[in-house]
1. Give me the pairs: first residue in segment 187-200 and within 30 Å of D103 (Cβ to Cβ), second residue modelled with pLDDT of 95 or more and exposed (fewer than 12 other Cβ atoms within 10 Å of the Cβ), beta-carbon distance under 8 Å, and six or more apart or on different chains, which are they?
2. Quick one: which strands (runs of 3 or more DSSP E) sit completely within segment 57-176 and have at least 3 residues that are closer than 24 Å to P228 by Cα?
3. So for segment 195-208 (the condition being part of a helix (DSSP H, G or I), at pLDDT 80 or above and either assigned by TED's automatic domain parsing to the domain that holds T105 or not basic (K, R) (or both)), does at least one residue qualify?
4. In the list K77, K113, K91, K125, which residue meets the criterion of being under 21 Å from N36 (Cα atoms), free of Cβ contacts under 8 Å to residues at least 24 places away in the same chain and not assigned by TED's automatic domain parsing to the domain that holds S166?
5. So is S199 farther than 20 Å from E234 by Cα, surrounded by fewer than 16 Cβ atoms within 10 Å (Cβ to Cβ) and polar (S, T, N, Q) or not?
6. Here is a check on your reading of the model: is G158 surrounded by 13 or more Cβ atoms within 10 Å (Cβ to Cβ) and farther than 25 Å from I62 by Cα?
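The values are calculated or read from the model by the stated rules, or taken from the named source; none is laboratory data. The shown structure was predicted, so the numbers you read here are calculated from the model rather than taken from an experiment. Every residue, glycine among them, receives a Cβ derived from its backbone with ideal geometry; neighbour counts consider all protein chains shown.
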Amino acid sequence: MSLQRPCLYIHIYSLALVMILVLGTATTDVSGPPVNITAVLGHTATFKCPNQESGIVTRLYIQRHDKFINGFDLNRKLDHLIPPEYQNRTKVNQTALSMEMTDVTFPDEGLYKCIIYYGNPIPSKPFPEIYLKVTAKYSVPTIEKQCSERKNGDGAAGKSCQLSCSSTGGYPQSAVKWAELNPSLMSVVHNESSEDPISKTWTINQTITYNCDHPINVSCAVDDAVSPTITICEAESFSVRVIIAIVLVLVFVMLLLLVLVVLCCRRHQPEDPRDSDDENAVPLALRASES
């Protein structure tokens, strides 16, 4: 009997608290536009409830879809009323009238409501709702180019470049933005946004063509993530084949010059005087033998 009575009290109190929350919800309409707060996926969000009246706050309930999330009551503990999905992720600061939510997930996004009591059975005047927006950072976009020569109808030369931009792992869904490009010269070839069914994050891809006749520095951005800058329509540099041909010609010319120098040096080389003495000695010896 002694165990049944405390359980009965707890049950009665729980029902009374539910009725208070229902009545509180019915008497506290939304006042003004919601207050927007933003949290990064997996990080922490802080819900700050307004304190616009003097006096001691005896109770604070934070709700979502008219469902109790967390709060406090100076006379009783409310831990057993916190839903399991918020048990280890939410903590209320009684002094600051705020709630901290850790490990924020995408399902946490939405509207929340603060209900404050100043010792009276009727809650305070209505407050604006709090809207939590959950975001995830996109990866640094990869940007690629492929340019080719083009000819206009009037014979003017130019280039047509195909540019691709891709980024992953972000939330909410976003779009590709191009910097330093004239929209009138840009044509979208492929545009794709896909959501991961498990993580709920997005992958953004876009391919465009762009016509230009002078060098342009280009970058793309998805949300706050910006790609490295590349240059398109730059002046043509010598191809590898042309460079190799020039090197071979230079080597051939240098070898030819070297051969000519060697031949010239040999032609102008002075005769050895010993060779002249030998030639003169032969006739003298023949004359001496004859005599």
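1. Qualifying pairs under 8 Å: S193/A175.
2. 142-151, 157-170
3. Kept after step one, since they are part of a helix (DSSP H, G or I), are these residues of segment 195-208: none.
No.
4. Values: K77 fails: under 21 Å from N36 (Cα atoms); K113 fails: free of Cβ contacts under 8 Å to residues at least 24 places away in the same chain; K125 fails: free of Cβ contacts under 8 Å to residues at least 24 places away in the same chain.
From the options K77, K113, K91, K125, the qualifying one is K91.
5. Criteria met by S199.
6. Details: surrounded by 13 or more Cβ atoms within 10 Å (Cβ to Cβ): yes; farther than 25 Å from I62 by Cα: yes.
Yes, satisfied.
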